[in-house]
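The values are calculated or read from the model by the stated rules, or taken from the named source; none is laboratory data. What you are looking at is a predicted structure, and each value in this text was computed from that prediction instead of being measured. Please note: Cβ atoms are built from the backbone with ideal geometry, for glycine as well, and neighbour counts cover all protein chains shown. Only protein heavy atoms, including side chains, enter the accessible area calculation; ligands, DNA and RNA are left aside. Shrake-Rupley method; radii C 1.70, N 1.55, O 1.52, S 1.80 Å.
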Amino acid sequence: LPTTSFAADAPPKPATPAPAVAPAKPPLKIIPGKVIVPTDTMRRPWGELISIDPATRTGKFRKDGSDEVMPFTILPYAELLHHAAFGDVEDFRPGERVIFRLHPNDAGEWTWLTYIQDEMNMMLGHKEYFHVTAVDPAKGTITADWASADKSFVRTKDLVLETDKETRFWKNGAPAKLTDVKVGDPLRTKTHGIGKDAHRVCWEVFLDDASLLKFQAEQKSAHTKRLAERGAPGYVDSVTGGTTVALTMFQESGEVVKGLKAGSKVRLAVCGPDRLAAGPQVTGVVTTAKAVGKLGAVTLTLDAPAAANMTPGAVVRLWIGQ
């Protein structure tokens, strides 16, 4: 009879080696003088701003719906998003409801802040609205569902928006009033708390996109003017030979970086703790300038040796022109 071969009789095949496992990446960590946002180690609570100090760039907020008060220190490259555009410390009002992005400091305390995002920025960015379900003129309240534009995603139902004598209403970019608000309207707002419990008291109510975008355009214009006056902020990466300086420009400096090219004349100054220029200005020319993600990478050749305090990690301001 013919012999039948079975797989069990065949010599064993060599084992396939297990695929190599890539070592786990260490979690990102904030390093002074570097632009790092550790998104794998962050908390983003809503809160009511209690205080904010432009001189020290520190502040406190009350965590939304609680009595917990949390201190924060604003990192130099933090995104301060006000009226759905870049802003600065002085734009924010005590009481305003915003989102704080926090990270642990070296002692493990959640105090390092890499953005404050206002309500207008959050709702515009996520394409969300307060969809009105009821209006009570006697109480001055608007009840709404917080949801996406098409309501396919609902974040919160039956949210109460309070109004008072300070509330301003806007439609087509012009003043309006509470009686202009109708059931079914999609609204966006700028709200504040009252120092306790969970309240949304409206400073601004936008009955349409055009009104919010008008506020945004005004903020963008103010930001552009501020950069021209104060200079665009960034970090010193290196100083070579006393006159070659490499910079990382912060995200808010994007429009300035776009205007730089090889040969552009510039001025540069080191900042104090308030992130405002504190030292003498030095002049120079741009060697290279480009966007790197949301940041800018710029190298300069200075006309004279850099000041002693223009060292790696220093915060500086840059102006176009001499």
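Numbers at a glance
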| read-out | value |
| --- | --- |
| So T299, is it open to solvent by 50 Å² or more (accessible area, probe 1.4 Å), farther than 18 Å from L80 by Cβ and at pLDDT 95 or above | no |
| Test: residue in the range 154-163 that is loosely packed, with under 14 Cβ neighbours inside 10 Å and assigned to a loop (DSSP other than H, G, I, E, B) | no |
| Verdict on T287 being among the hydroxyl-bearing types (S, T, Y), modelled with pLDDT of 95 or more and within 23 Å of A78 (Cα to Cα) | no |
| Long-range neighbours under 7 Å by Cβ, at least six apart or interchain, first residue closer than 15 Å to G184 by Cβ within the range 143-157, second of a type outside the set (K, R) and not in a strand (DSSP E or B) | A147/F153 |
| Some residue of the range 142-149 being assigned to a loop (DSSP other than H, G, I, E, B) and closer than 25 Å to S66 by Cα | no |
| Of all residues making up the range 237-294, the number that are free of Cβ contacts under 8 Å to residues at least 40 places away in the same chain, under 24 Å from the mean Cα position of the chain (by Cα) and crowded, with 21+ Cβ neighbours inside 10 Å | 1 |
| Residues satisfying the stated conditions in the range 23-67, i.e. of a type in the set (S, T, N, Q) and under 20 Å from V292 (Cβ atoms) | T39 |
| All positions within the range 183-206 that are open to solvent by 20 Å² or more (accessible area, probe 1.4 Å) and not in a strand (DSSP E or B) | V183, G184, D185, I194, G195, K196, D197, A198, H199, R200 |
